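All remarks here apply to the structure that follows.
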Amino acid sequence: MLFSKMHGLGNDFIVIDARGKEDIDYNSLAKRMCHRHIGVGADGILLVLDSDIADIRMRIINSDGSEAEMCGNGIRCFSKYVFERGIVKKDKFKVETLAGIIEPELILNEYGLVEKVKVNMGKPSFKRKDIPMIGEPDDTAINTSIFVDGKEYQITSLLMGVPHTILFVDDVEKVDIYNLGPKIEKHEAFPRKTNVNFVQVIDKNNIKVRTWERGAGATFACGTGSCASVIASNLNGFTERKANVHLYFGTLEIEWQDSDVVFMTGPAEEVFVGEYFE
Ligand SMILES: N[C@@H](CCC[C@H](N)C(=O)O)C(=O)O
């Protein structure tokens, strides 16, 4: 199996051209390939597939074998992969995902290679029935509370392609992400689990984020999580609708436009190609 290893600000993926190879059990393959000691090592696998309704289709499977609806860092890597291999020959195109059609636009360098990708991530949803989250189906969960180990936490939850929960903290470095992350991810309030973002507000246009991802654990960056974090920061009065999200390996630019559509701009890197045996 030929693959490419890519990452978006340290959120790393194994990209596989799965066209014509749809009958493989990719959920169980993801668990083995993503293993950091006996596999290639990654937060998830990205599958390139043909689409009847868009230019191309992306599937994202987490390192635990669960399938997600969307992946922000993943779609930038995916876009670079399909463009630079000539699978898609346009610099602005449509990608079918389980979260709907997502539209990346490539920013090319002087050699015609992809340097950054600006992605129209679509609109967030705040209804509990969409996130999904227990409670009145049409109610929102902006600055509400949940209890973990008997302690009350203020959270904001929303759907940004995938479910996200945001907690504001004084210092992201001091958060016990390995303890609190999985407890909120699997909290009974979230029937399909949630990604968990710890957000430190720097000023009106800058935040720092650390994410515990559903199905992948602590990652170095989360694209959909960065979008959700800027939206939650704005709704809670901390930032403007446009802000930089500072992550361990760099920055994502996020803009929640007045039209409700969210744009994410950031890099995508290809690290190596390989052949996987088992
Ligand atoms: N890393 C991603 C999100 C991947 C999916 C997530 N783990 C889930 O199951 O919801 C991103 O960059 O958005």
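The values are calculated or read from the model by the stated rules, or taken from the named source; none is laboratory data. In this text, all values refer to a predicted model and were calculated from it rather than measured experimentally. Backbone-built Cβ (ideal geometry, glycine too); neighbour counts: all protein chains shown. Calculation scope for accessible area: heavy atoms of the full protein, side chains included, ligands and nucleic acids excluded. Shrake-Rupley method; radii C 1.70, N 1.55, O 1.52, S 1.80 Å.
Per this entry, LYS123 is counted among residues that are farther than 17 Å from THR265 by Cβ, open to solvent by 20 Å² or more (accessible area, probe 1.4 Å) and within 16 Å of the ligand (Cβ to nearest atom). All of ALA99, ALA54 fail the test of being in contact (Cβ under 8 Å) with a residue 40 or more places away in the chain, open to solvent by less than 70 Å² (accessible area, probe 1.4 Å) and farther than 19 Å from GLU22 by Cα, apart from ALA99. Just to be sure, is GLU213 open to solvent by 40 Å² or more (accessible area, probe 1.4 Å) and acidic (Asp, Glu)? Here the answer is no, as GLU213 does not meet what is asked. Residues that are assigned to a helix (DSSP H, G or I) and within 16 Å of the ligand (Cβ to nearest atom) were ranked within the range 231-248; the one that is surrounded by the most Cβ atoms within 10 Å (Cβ to Cβ) is ALA232. Of the candidates ALA228, ALA216, the single residue that is out of contact with any helix residue (DSSP H, G or I) (no Cβ under 9 Å at 6 or more places or on another chain), closer than 26 Å to LEU106 by Cβ and within 11 Å of the ligand (Cβ to nearest atom) is ALA228. Exactly one residue out of GLY20, GLY10, GLY74 is at positive phi and within 11 Å of the ligand (Cβ to nearest atom): that is GLY10. What do you reckon, is THR211 under 15 Å from VAL162 (Cα atoms), at pLDDT 95 or above and within 15 Å of the chain's Cα centre (by Cα)? Judged against the criteria, THR211 is a match. Looking across the range 196-213 at every residue that is of a type in the set (A, V, I, L, M) and in contact with a helix residue (DSSP H, G or I) (Cβ under 8 Å, 6 or more places away or on another chain), the one that is nearest to HIS35 (Cα to Cα) is identified as VAL196. Take SER66 and tell me if it is more than 10 Å from the ligand (Cβ to nearest atom), of a type in the set (S, T, N, Q) and surrounded by fewer than 21 Cβ atoms within 10 Å (Cβ to Cβ). No: the conditions fail for SER66. As a summary of the residue check, ASP149 satisfies the conditions (1) over 19 Å from the mean Cα position of the chain (by Cα); (2) within 23 Å of THR265 (Cβ to Cβ) except for the one numbered (2).
Criterion applied to THR265, THR224 was being within 15 Å of the chain's Cα centre (by Cα) and not in a helix (DSSP H, G or I), and the one residue passing it is THR265.
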